[in-house]
Structures are given as C-alpha cells and as structure tokens.
Amino acid sequence: MFVPTMKLSISLCKQHLGRMFKSKWRVQSQRQVIDVGIPSLVQEQNVPILNALDVVKEIKSEVIDINSLPEPLCEPPRLRKNENHPDWKENCVLLINRNTRLIEGEKHILHLTKTISYSGLPLNVKNLLPIALEMTDNDLVQRSIMEALVWDATQVKLPKRINKENPGLDFPREYGIPHTRKVTHLLYNLVYLCQLFYAKKNGLWTRTKITDAFSKVFLEKEGKVLLFRMPSDVLTSTSRPLSPFATKEQVESTKDQAVPDIFPLHFSLDLQEHHIYTSEEIYPLAPSCLNCHFHTLHITHNMVRYWHQPQKLARAVAVCFTFAAAQARQKFGPTVKELTSPVCVQCAYLDGPVWGFLGYQLNTLNINSPEGIKNQVWIDGPYNLYESCDQASGIQGYNSETFSKFLSLHLNET
Amino acid sequence: MAARRMCMKSLGRRISHISRDIVNQNFLIRTYGTPTASAYKPDRPNQDLQEYVEIPSYPEIIDSSKEGRKKHARKQWYKYVQELPTVEQKLLEIISRQKYPAVILGPVSRSYDLLPFQQYCTRTNIIKGLPEIYQGTNVDDVYDKLKQQLIEVVKVQCCQFSRNYKITQQKPTEETVSRGQGGGVLDEMTSLISTTLAVSDEGQHLANAEISHLPRCDAFWWHAGFEKSKITLVKDIDDICFQYVDQPWLQVRTKNPLPEIFNQDDPACLGNDIPPVKYHPRVYGHCIERRYVTSVPGFWPGSECEYGYMSLHTRDGLVKRAKMVTDIDMEDCINGFGMMASFGWLVALATYQGFTPFNELTYPLVTQTVITNGQDWDFFVYQLNTMSFHSDIDHNTHKNICWTSGTMRLFEDIVDGEVTGLNDDVFKVFLKFFVQAPKQQSEFSLKPYTGEDTRSEEEKIADRERLRRLLSNRPNPFEYKHEVPLWKWIYKRHKDAPSAPFLK
C-alpha cells in the first residue's frame, strides 16, 4: 500500500460549504410561528407558564489555572517568563549577550566598557606578520575554504529567499549547506591550519582548544548592574598569560584621554532588562586545567540576519571584555578594581568572507567613574578573506594577507 | 476527442522510435529542464550489417523465457552503467531510474540479536583482535612526546562539558554527556595528534589530510536471498535495496588509499561462509521507504581528498541500548556499529571511484573506525573486498573482513582534576591508527570504470544540478495526486466489492 505524505485540505475544500449554510439560513429565517392555541388550553388546567430561559440554566465551564496544578501537569517552572520562575529576582539587570545588537556599534561598547581604541594590531603581533606570511601555505588555505563552502555534501532546507525586484514571486526553495554550518566549519578548518603551522614552528601544539565556552560577569555602572554573558565559539588557552600589549607608561597616559561619548543617548540603550538570572559568575575553564590563561577568542556571526560591521565589532569587543574580566576576577579576587598587572586577550571575529582582529588589554574593572586609567583595544580590519566562492568559478578575490594576520595572532608567544 | 488522443499517442510512439534509432548510431540526445529518465535504450539489431560475410558471427544465445529476457535486459543495463565515463553520470543513471523501495539502515541496531543479520547483509566476517600490522608498529617515541598533552585533553574536555551545563542549569542526559565528552575528546585528540605527526617524518600523509565535522554519509546496495514479505512494495523482486544513513562526528580523508591488509586472493577473503539470515528486514523492525537512493561519502565528487582514512563516532546512539541489554549483547551491538559504519562509508567512497553495486570492485578498500564516549574506546579496521550482492551478478567469491579490538577503558574516573586508572594501551592503539601511511598505487588503475569526460560545460552543470536535486530527497508537492482515498479501498479495490467500472 502506498501512503504518501498528503494534503487533505485541497480535496476537503473543493466544495464551498458557506453557500449551503447561507441558503439554509435564508430559507429557515422566513418561517413563521403558528399559533395552535396551546397556552390557552394549558391555562385552563391551572398550569403556570414560565419563560423557558428562566428554567434552563447556562452551564459555565470552569477555567483552571494551569500553574496551580502539581508539577508534571503544570507548565515547567524553568520555562516560565514571570515571577514564578525559580531564578526570578526583583532587581533587574541589564543583559549583554550574543544577540545584543548595539545600535551605536563600536562607540557604544567603548563607552560602556571604558575603553580607548587604537587602529592596527598591537606591536608584538604586528612584528610576527612577516613570519606568518612566509609560513602561510595558500593552497592549503584555499582548499580548506573550498571544503567548507563547496565540497560539503550537507543538504538542508535553506531559508526563503526574497525576490527584491518582484516581492510577489517566490524563488524555488533551495537545499544546501546552512549559513551557520558554513561559517563554523570554515572557522574550525582555519583554526586547524593554525595549529598545523604552529606545530611546524614549535614542534608540538601545547595549547588547549575548547568549543562553545561561556563567561559570565556582573559589573556596576551608574547605579545599574550590567550582566555580561558571552560565548566564544572556539577558545584557545595557554599555560602563561600573554605579555601586555602596552607598557605601564602608556597605561598611565590613558588617564588624560577621554572615552568616546554617545550623548544624547544613554548607555543602557539596546540592553535588555532581565530578571531571571543566578548570582554566580562563570569562568569557563576548570581550576585544575594546566592551560588556564586565555589566548585567542573566536566569535562568528553565524545568523542569516544582517548586522552592520560596527555592530559585529562591538560584539567582539564585548566578548573580549567579558572573558578578560572573568580572568581578572579569577586571578585577583571578586572585589578587584584596578589591576596590578593587566589581562590581555586576542580575538578574531568573522562573518564567512569578512574577518577582523582585535587585541584587548584590561587595565581596570572600575567602569563606573569616567576618571582614572582606561582599558585599551587595538582594532584591525575588517578584511576580506575572499569575495565569493562557488563550484563553477572557484574562489574569487582571495586575500592571502587575511589568513596571515589570523596566523600571527596564534603565533604570538606568551 | 478520442480520435485526437489516439493521434497524439501514435505521434509520441513515432518520435520515440526516431530517438531510439539515433541513439543506436551513437548520438546522444539530451533535453534540458525536462526530467528524462536516461539516455539508455536497449540494444536493437544494427540494420547496416552486410548480408554476407566470410566468417559468420552469431549473436549470443539468450534464455528466451520471460525471466531470461528480463535478466538479459538488466545485464545490458549494468554494462551500459559500467561504460559511462563519469561518476555523476553513473549515479544519475542508477538513481533517477525510479524511487526504489529501500530498507533504511542505521549504524545502531534497533532490535535484539541483529549482528548475524548485519553480517549477512554486508557479507562481513568479524575477526577479534587488530591485524598484525598494527601490533608490529612501534609508537613509543611519539607517545612519550604526547602523553602529557593527551591526558590534559581528556581531563579538560570531560570537566569542561559539565561546566558548560552550569549556565543553563539543566541536568544533562546520559546521551548528551556521551556526545559532548566523546565529541570534545575526539576533536581535540585528532587535531593534536595529526598536527604533531604531520610535522614529523612518520606522518607526512597527514599534512594534506582533510578533516570534516559531522559530514553526511549515505550509501546504498542490493542484497538477494531474503524470504519474501507478505507486504512487499514490489512483489516480483527478490533483491532488497538497502539504504544506509549516518552522520559520523569526524571524518579524516587522504589523497591516496590505505594499503590492503590481505590480498584479494588470500584464503581469508575468498569464499562466502557467512551463515545466512533469511528473515525479511521487516521482521527486525526496519522500515521500508520509497525514495531516491543516495550515495554520499561526506563530500561531492571533485574534492581532492577522496579516500577514506578514518571515521570517528560518538557512542550516544548506544546509551539507550546499554540499559536494555547485557554485556554480551552490548559487545555484539558495538561490533555491529563499527561494521556498519565502516561498510557504509566504504561503499559510498567506492561509488566515487566508478564502482557501483552492479560493477564489482577490482581492488580492496580499507578504512579505520573509532567509537568512543571519552572513557570507553572501540577500534575497528575494515577491508572491503566485495559490494555487489545482487543476484544477477553475485558470484559468492569474496567476503569482507572486519577486525575489532573490543571495548577498552581509558580511565576509571576523574577525581579533583586527576585521572585515575589510566590505560596507556588505548592511546597507543589510537596513535597506531594515525601512523598507518596511505600508498600511491601505480600497479593498477584506481578508477578502471571511468573515462574521459566528453560533456560540454552546459551538460555538466545540468547533470550536477539534477543529481543534487535527486539526492536532496525533497518532498514532492504533488505527492497527493498519487493518493488513493479510503473509500476507493473499501468500495472499489476490496476483494468483496462488486465491479464498478464507472466509479472513478
């Protein structure tokens, strides 16, 4: 017997039942009540006549409150978005997570985290670029890109494409590699190549690589509590901390510089008010881990939704700040304000073809007051790794320098 | 109206005659955009032959019964498939023919005592213990270099997974733990070992290897000799089509194939002494689905690294079964897992070398398989000698071989960040798997059934798009047109129903 997946609605809706109902109503509405003389006959026998509506009682169905029922029947407590959630707190915090899209972009996050930006990578990473350029095997890199974007045989139903010229007409639905998979696969492949080139230089890959690590930090600013909860798609860590990007004198000189101002906007713009949270802070690595210092963070823009480049950069800075702050809290205790030795992390953020690189140095956790020393960030990019990539024409507009910059981050020794 | 219809029919018949004649003269007709089944038409006697020749050549003597003629036509088609020059054309020819009723198989057995069935339908002999080559290789130097790093990887990945779950405050199920820990350990260990070996002299083959994450792995084959089911989809076919569907955690592919372990003429590979299990697959609870069969080893044809080196799996599929069965059954279940995973991938890889289930392998293919949850490890080596089990072409000359190591426990527990009860042998076996070097074959052709691609660029693109469309198995929006409504089954098709020629 052949039973296909079928749509019954077509055959069921073939007959228009509405017309039938309408005609029935039209016919029945013309009926008249005929007086057959019953009331007078009944009244003669002294039987009282009552209104029918007084006798018939309307049955009211009871509305049950689902949450008053015991555990397996009610809505699961962890799924509730109200006061009944076990982790509901009265004091709300302002949440910054992966989906927070800061409208002012780079300026906004710099103001929020009290950071000063410089263009170009830090000096000690910049010096590694010639070595990285020499080591880069462009054939291998191009093959890795092709493997991730073209040769991958995954076939999943892709989201609908909108016809911009004629919004009424639909394109045929495509099956292929989803955007999320493309970007993460590309990142994994290129991080693996970095491991290979690192091993070529030093003989052995001695760092730890973790996928999908989280950090969570609470900080106070102008009387409001900020909750930074940020992921890193791939995280590498080393046994010794990164050497600082700026000297002590340069850090001292930041006292005179001012962080970007976003007046008339308030810093809490675009931050979500959040009531459901736990008060513990999270440092992603286990305390027994040998390589307990963050080296490089990777964050991908793996959604189909369009973000402007400054917004992606803002998220990358927020990731750097969160992980560095978690590291500082782990190292110097939960009440530390100005750090005796700075915490440094590096970051690469990508959106498939477009890559950017950061070096972040955390000098202070006192983001409440605008005075004092400030944090520093070195921003490089965005650069194109390639312009387009498909099976017919291969990789178009490949830029070898982008991968070399990515490699130089990984070659940076502690 | 009827006359008009007749006229159209005869016209169609005439056109098909013409096209068939053109095909016989080695012209290829293709129309783009229309779903033509194939360019294949059965042979017809050539009319240009001279009437008198000096040495008479007689046609082949064919069984003239209905069965015989059908079998002859099928064999002609197998020959046609073999002569097609490219992999895409071969696959397209087989797949686009019809939606086959296929038995869907996965790596993990769904019912009890499935190992004999799995062995029968893949014709595999299981040998306990790894081959001698693996026992001979020495990896102590590499192991001393990597030992500390490997222990660190196990420690970090197993602790890290539980820490991630603190954020969501959910209790992870056993399956997610098995998948998360096993996947993390496999990711880290493969990249650590392959990068380290790629730099040294022992592992130059790994410098150009390709690692893919969660690839798609499908394969199909036919097997004869099962009892007929009462509810078969197609009644007069003895051979059952099997469709294997899987998604391993990682695949490592290389440019050259691994060397064979036994020669194909070795007595270990010859003969078919696998005990037959003739129950229909439905008896074991396998579902049958009418679909376009798919053969995808994780990548599209055209990738540089097209030989299997190693596939790595997590044990999450086995967690549910572990609760239901005893240890002995569990051993069978894992052996079945490793066997099916290796066989499925190798068959798919063999189709990319120009072989099909109807065109037998000319040289053996070898792969290695690892299954783990971070703590328990299983190692398999598989040699594929034969993959055509269809009754038309099956000669029962060869069988496949699967070597298993048995389950090995890496460590007992992790207490306060310290690994206790560590078993070094597991690391060493894993390292031995990476040291095996593929060889470049120059003695024989690796792709004997492929030839020069003579298609134009347009034809190539059209073929590729059509093949991918079929392989995606997208649901047909007009499927409901084939639907037979319930009243038809009762009032028209039921055996007790009166004949109703005007009821439609």
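No value in this document is a laboratory result; all are computed from the given coordinates. Since we're looking at a predicted model, the values are computed, not measured. Heads up, the Cβs are rebuilt from the backbone with ideal geometry, glycines too, and the neighbour counts pull from every protein chain shown.
Quick notes
- Beta bridges from DSSP with both residues in the protein assembly as shown: antiparallel share about 75 percent, rounded to the nearest 5.
- Of the complete DSSP H runs in chain A, those spanning 20 angstrom or more by Cα along the long axis with a mean Kyte-Doolittle score not below 0.0 are A:309-332.
- Spin-label zone in the range A:92-111 - amide nitrogen under 17 Å from a point set 7 Å from the Cα of A:E273 along the C-beta vector: A:92-96
- DSSP beta bridge pairing in the range A:91-411, given as percent antiparallel to the nearest 5: 75 percent
- Rg to Rh quotient for chain A, alpha carbon positions, Kirkwood Rh: 1.22
- For B:I401, nonlocal amide neighbours, meaning residues 5 or more places apart or on other chains whose placed amide H falls under 5 Å from its own, are B:N125, B:Q383, B:N385.
- Within the same chain, aspartates and glutamates fewer than 8 places from A:K201 are excluded, and of the rest, those with a Cα less than 16 Å from its Cα are A:E134, A:D137, A:E413, B:D201.
- With the simple model of a label 7 Å out from the Cα in the direction of the Cβ, A:A392 to A:R78 spans 4.8 nm.
- Distance violations [Cα-Cα > 27 Å] among A:K224/A:K337; B:K70/B:K228; B:K320/B:K399; A:K182/B:K460: B:K320/B:K399
- Pairwise label distance in nanometres, A:Q309 with A:K160, each label 7 Å out on the Cα-Cβ vector: 3.2 nm
- Filter on A:K200/B:K145; B:K481/B:K504; A:K114/A:K405 - keep pairs with C-alpha separation over 23 Å: A:K114/A:K405
- Two-decimal Rg/Rh across the protein assembly as shown, once Rg and the Kirkwood Rh are taken from alpha-carbon atoms: 1.05
- Residues considered: A:F228, A:F294, A:F263. Largest GNM mean-square fluctuation over chain A, using C-alpha springs under 10 Å, is found at A:F263.
- Within a Gaussian network of chain A (alpha carbon springs, distance under 10 Å), most fluctuating of A:H295, A:H308, A:H274: A:H308
- Candidate lysines for bridging to B:K255, where Cα separation is under 18 Å - those fewer than 8 sequence places away on the same chain excluded: B:K439, B:K447
- Taking 16 Å as the straight-line reach from the Cα of B:K155, the lysines in range (excluding those fewer than 8 positions away in the same chain) are A:K209, B:K147.
- Radius of gyration, Dmax [the range B:102-435; alpha carbons; angstrom]: 20.1, 64
- Share, in percent, of DSSP beta bridges within chain B that are antiparallel, nearest 5: 75 percent
- When you filter the trypsin sites (Lys or Arg not before Pro) in the range B:375-461 for DSSP loop state and at most 15 other Cβ atoms inside 10 Å of their Cβ, you are left with B:K439.
- With a Förster radius of 41 Å applied to the C-beta separation of B:Q76 and A:S9, the computed FRET efficiency comes to 0.35.
- Calculated FRET efficiency for the pair A:H85/B:K439, C-beta based, R₀ 56 Å, to 0.05: 0.35
- Peptides A:114-120, A:275-281, B:181-187 ordered by average Cβ neighbours within 10 Å, highest first: B:181-187, A:114-120, A:275-281
- Looking at the range B:393-474, the chymotrypsin sites (Phe, Trp or Tyr not before Pro) that sit in a DSSP loop and have at most 13 other Cβ atoms within 10 Å of their own Cβ are B:F444.
- Taken residue by residue and averaged, Cβ atoms of other chains lying within 10 Å of the Cβ of A:386-392 number 1.
- Computed from the Cβ-Cβ distance with R0 of 35 Å, the FRET efficiency linking B:K99 to B:T176 stands at 0.50.
- In terms of packing, defined here as the mean over residues of other Cβ atoms within 10 angstrom, the peptides A:122-133, B:328-339, B:105-116 line up highest first as B:328-339, B:105-116, A:122-133.
- Shielding by partners - mean other protein chain Cβ count within 10 Å, residues of A:175-186: 1
- Close amide-amide hydrogen proximity is noted between A:S215 and A:M230, each under 5 Å apart and 5 or more residues distant or on a separate chain (H modeled in the peptide plane; Pro and chain starts excluded).
- Label separation (A:V42 vs B:E483): 5.1 nm, computed from points 7 Å beyond Cα along the C-beta direction.
- Inter-centroid distance (Cα atoms) of the range A:174-219 relative to the range B:303-354, Å: 26 Å
- Within chain B, the selection of entire DSSP H helices by a Cα span of 15 Å or greater along the long axis and an average Kyte-Doolittle value of at least 0.0 returns B:174-199, B:327-351, B:424-435.
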